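Below is one structure, written out as structure tokens, with a few remarks after it.
Just so it is clear, none of the values below were taken in a lab; they were calculated from the coordinates. Since the structure is predicted, the reported quantities are computational estimates derived from the model, not experimental observations. Neighbour counts are summed over all protein chains in view; Cβ atoms, including those assigned to glycine, are modelled from backbone coordinates with ideal geometry.
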């Protein structure tokens, strides 16, 4: 091993003394490598003390800030997926049912029609609307063909 | 999945924040920049968590991200960070009888961002040349050359 190779290993030699016997033996006999080891050892010690760790009162708010950032990023990234999933659900289930409600023909309301109209006959209009679904009742009042009403002798 | 990822990062912030901050402090030289870099390190870790295979200690992985983040920071802020270098070599007389001047962190400013990152990574953060080369997106040989240059420059300003 050359001096340069051994000098490049000095951080490991300082960290794990005794684990690099060949290099350590060389350092004992080589002044340049000994100087290098002393220099790096002093650098390690001095720089460790040169930047003292900030107190907890300073690092805790910073940690919380980082956690919040990560939460925000998570929301930003996965929020898009959640919004996309919600859009798929709306498109798949809710919109067709809305459209089908709008597109229902009066014939499709036979049950409700009968129920509503019977209720209307048995009581008054407002009572009938409470018994059935309000929207369906309104639809019937506005759109039911006259013959249905006539058939029921309304 | 997203919640699990966030929980892992939260636990790392609790356990390793101080250690990452210490690396950032040594590289950037001030608390404000170190705080910003540390925040970036954990956000990067969250983003790249899928590539962490778990075969090494999380701190070893975070160290590499920290070195890379601070190195990029130093490169981006080169002018602001490194413009007052000339005065350093005459800033302090050697202590009589001492082998080296008393170390001043400002001496690190004589080093290029790559030299500083390699030196700090080697001497303080116990990273191998291979790990440093990967973190700094350079060759192992270039990392070794930068390390020797850094030691040479520091010796010059400290003796």
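Highest first, please rank the peptides A:4-10, A:40-46 by the mean number of other Cβ atoms sitting within 10 Å of their residues.
Working: A:4-10: 18.1, A:40-46: 16.3.
Descending packing order for the listed peptides: A:4-10, A:40-46.
So, R0 is 45 Å and r is the distance between the beta-carbons of residue A:38 and residue A:60; what FRET efficiency does that work out to, to 0.05?
Once the sixth-power term is evaluated, E becomes 0.70.
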| said: Need one value for A:69-79: mean number of C-beta atoms belonging to other chains within 10 Å of its residues' C-beta atoms. | reply: 4
| said: So, R0 is 51 Å and r is the distance between the beta-carbons of residue B:155 and residue B:4; what FRET efficiency does that work out to, to 0.05? | reply: 0.55
| field | Inter-part distance where the stretch B:7-47 and the stretch A:1-30 are each reduced to a Cα centre, Å | value | 32
| note | For peptide A:43-52, the mean count of other chain Cβ atoms within 10 Å per residue Cβ is 6
| note | Here the FRET efficiency for residue A:4 versus residue B:57, based on Cβ atoms and R0 = 30 Å and rounded to 0.05, is 0.50
| said: Need one value for A:61-67: mean number of C-beta atoms belonging to other chains within 10 Å of its residues' C-beta atoms. | reply: 6
| query | For a paramagnetic label modelled at 7 Å from the Cα of residue A:90 toward its Cβ, which residues of the stretch A:38-76 fall within the zone defined by backbone nitrogen distances under 16 Å? | reply | none
